[in-house]
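The values are calculated or read from the model by the stated rules, or taken from the named source; none is laboratory data. Quick caveat: nothing in here was measured; it's all calculated off a predicted structure. Here the Cβ positions follow ideal geometry from the backbone for every residue, glycine too, while neighbour counts run over all protein chains shown.
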Amino acid sequence: MIERAVFLKDPVDAFTRNSGDLVNLTLSNKEWNQAEILLSILLPFKLVSDQLEQTKRPVIERVFWSYETMFNQIDIIETKLRRGRESWLKELQKSVSAMTMKLKDYYARTVEAWVYSDGVLLNPWIKAGLFKNPSWRDDTCNWAEEYITGCRNRYLDTYEPMVHLLPASSGLGEKRKHAEFVDDYELFLQNQACQQTKNEFDHYMGLPTPAHSSGTALDWWKRNAKEYPRLSRMARDVLAVPATGAGVEREFSIAGKVATTSRASLDPATIEQTMMYKNHLLRRGDVLSFMKGGGMKLGEQYIEEDNNIPATWRSDWWKKQSQD
């Protein structure tokens, strides 16, 4: 809401000044400046939240990085506020301090959930690199070692005992192509070699971090599933965990817009198929065209489509704030 107000500053000023009964609501330059300072505090947190609320790609491995980003941003904010001399900035410092305490409270709870650290370790382009940064140094605990040991134990307990099934034959009586036998044999040799030397987790962690390529961590595990048949299964289970519940809540919101009072007789299966189809089109990048006045509202994107803040304006505004 604050970002939209700052974006529409000139039209809002013109509207209040030209409306006789609203002139007293016209904001002064000082008040607009206060709004921009509030926006500069809140915008980075909104952008981080938007990233964690994604459902089109795994984001669980971004949680620790997001917390680090937010804590760094708070340090920058507090430095700027200390430079100010206005009394209202002193009051704002109290709010930022309260925000810091709340963030630390949420961050402390990540110790109880191993999925966040496992998500980082099972991202092939990060592994333990994040936990070896200077910001993770702790005299009481070696977090990299702690998280690696925990993830390794969970792999050995749950996934290592799994029997990796070779691809099933297409059917009795059918001859299989020569290439299929070769693939099975090569896979058997790989499994034998892995069992005789290191388990898949140790082998994976011992390899150099690969150069970043296009796609997600799940794409990487899909390409390397033959080399890590058990560990790739663990990676799929971990990386499939949503970072927040916002995506699920959004689906309920969308369902409410599909099953409106004018469509109260829709079968639950029809509602589900409609939502799945809309989601499929969005993931493909296809745009639905709506009949004017037809009431075809399949998701929040339709409601917000004309109200989004232009990305170029946000980028330019943020650059200007960062330079001040």
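Points to keep in mind about this one:
- Annotation: S214 fulfils all but one of (1) out of contact with any Lys or Arg (no Cβ under 7 Å at 6 or more places or on another chain); (2) modelled with pLDDT of 90 or more; the unmet one is (2).
- Screening L266 on (1) touching a helix residue (DSSP H, G or I) at 6+ places or on another chain (Cβ under 9 Å); (2) surrounded by 15 or more Cβ atoms within 10 Å (Cβ to Cβ) shows it passes everything except condition (2).
- Only a single criterion out of (1) part of a helix (DSSP H, G or I); (2) in contact with a helix residue (DSSP H, G or I) (Cβ under 6 Å, 6 or more places away or on another chain); (3) under 30 Å from A235 (Cβ atoms) is not satisfied by W65, namely (2).
- Residue match in segment 181-200 (condition: outside the structural domain of I77 (by TED's automatic domain parsing), at pLDDT 60 or above and over 21 Å from K226 (Cα atoms)): no
- Residues of segment 225-243 satisfying the condition of being in contact (Cβ under 8 Å) with a residue 60 or more places away in the chain and over 19 Å from V115 (Cα atoms): P229
Results for (1) outside the structural domain of W221 (by TED's automatic domain parsing); (2) closer than 23 Å to W317 by Cβ; (3) at pLDDT 85 or above; (4) surrounded by fewer than 16 Cβ atoms within 10 Å (Cβ to Cβ), shown as yes or no for each residue.
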site	(1), (2), (3), (4)
V6	yes, yes, no, no
F45	yes, yes, yes, no
V63	yes, no, yes, no
S87	yes, no, no, yes
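- Flag for V96 being under 23 Å from N123 (Cα atoms), modelled with pLDDT of 85 or more and hydrophobic (A, V, I, L, M, F, W, C): no
- Pick from segment 145-173, criterion aliphatic (A, V, I, L, M) and modelled with pLDDT of 90 or more, ranking: surrounded by the fewest Cβ atoms within 10 Å (Cβ to Cβ): L156
- Scanning segment 14-34 for residues that are in contact with a helix residue (DSSP H, G or I) (Cβ under 8 Å, 6 or more places away or on another chain) and either of a type in the set (D, E) or crowded, with 16+ Cβ neighbours inside 10 Å (or both) yields one hit, Q34.
- Flag: R154 matches the condition of being part of a helix (DSSP H, G or I) and either among the basic types (K, R) or in contact with a Leu (Cβ under 8 Å, 6 or more places away or on another chain) (or both).
- Counting residues in segment 10-29 that are within 20 Å of T312 (Cα to Cα), in the same structural domain as E91 (by TED's automatic domain parsing) and either free of Cβ contacts under 8 Å to residues at least 60 places away in the same chain or assigned to a helix (DSSP H, G or I) (or both) gives one or more.
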